C-alpha cells in the first residue's frame, strides 16, 4: 500500500469519524435537533443535495476546460461519471422537485411515492417479498449463483480494476462514493430511526466524497497541462 493511499484512508476515516461524532454530540446535547437533522428535507439531506450539485458543477467545469484531453478511455469514463452521478443524486435528494414544486409523483405499491432513483430498488425489494417463500428462495438462489458465476469468470479483471481505482486521488474519491451509495441503497430497504439516520449520514458522506472527486478533477488540469505542453513543443520541433 503506497503512502498516498494510506494518507487517503487515514484522512477520510478521521474526517468522517469526526463528522459522525459531531452529529452524535449535537443530538445528545440538543435532542430536539435530531428531527431537524435527519428528517425528510432536513439539514443533512439538504447539505447532501448541495454537495451533489457542487460536484456536478465541478465535474462539468473540468470537462469543459479539457479534462478529457489526452486521457485514456477509462480515465474519461471516471471524469464523465462525476457530473452524471452528481446530477442524478442531486435530483434524487430533492425528489426530482416533487416537494419543492408540489408535484404529484406516481404512488408506490405498498406505500410511498416513486420520487427517486433509489425507489427502483425498493420496488424490486417489495416484489421479491411479495413472492411465496419457495419462489423467493429459488429467485434469490439463482440470482446469487449468477452473480458468483460472473465474479468467477471476471476474477482476472477484478484486482486490476480495484488497483486502477486506488492509484489516483480522483478515482479513489469516486470509488468511495460508489461504495457508500451502494450501502445507502441497501439501508433504504429497511425501516427504523437508527437505520434511517445511518442512511442519511452515508448519503452525506457519499456526497462529500463526490465533491472531493470534483475538486480533484479540476486540480488535475494543472498537472495534465504541463505534459501536454511538452508534447506540443516536441511535435513542433520534430516538424521543423
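The modelled label-to-label distance between residue 162 and residue 69, using points 7 Å beyond Cα along the C-beta direction, is 3.7 nm. If you take the square roots of the eigenvalues of the alpha-carbon gyration tensor of region 1-100 and sort them as a ≥ b ≥ c, do you get rounded (a/c under 1.5), prolate (a/b over b/c) or oblate? The shape class here is oblate. Angle between the Cα long axis of helix 193-239 and the longest principal axis of the chain, 0 to 90 degrees, nearest 10? Result, in degrees: 10. Sorting 147, 36 from the fewest to the most surrounding beta carbons within 10 angstrom yields 147, 36. Relative contact order of the chain, taken over Cα pairs closer than 8 Å and 6 or more residues apart, is 28 percent. What separates the Cα centres of region 1-61 and region 194-215 is a distance of 6 Å.
Counted by neighbouring Cβ atoms within 10 Å, the residues 181, 91, 210, 19 run from fewest to most as 19, 91, 181, 210. Taking the C-alpha atoms only, the angle from helix 133-153 to the longest principal axis of the chain is near 10 degrees. Axis of helix 3-29 versus longest Cα principal axis of the chain: the two differ by about 30°, to the nearest ten degrees. As a proxy for reagent exposure, 57, 141 were ordered by neighbouring Cβ count within 10 angstrom, fewest first; the result is 141, 57. Taking every DSSP helix (H) stretch of at least 4 residues in the chain, weighting each as -39,500 (n - 2.57) and dividing the sum by the residue count yields a mean residue ellipticity at 222 nm of -27000 deg cm²/dmol.
No lab work stands behind these numbers, since they all come straight from the coordinates. Because the structure is predicted, anything quoted here is derived from the model rather than measured. Note that each Cβ is placed from the backbone with ideal geometry, even for glycine, and that neighbours are counted across all protein chains shown.
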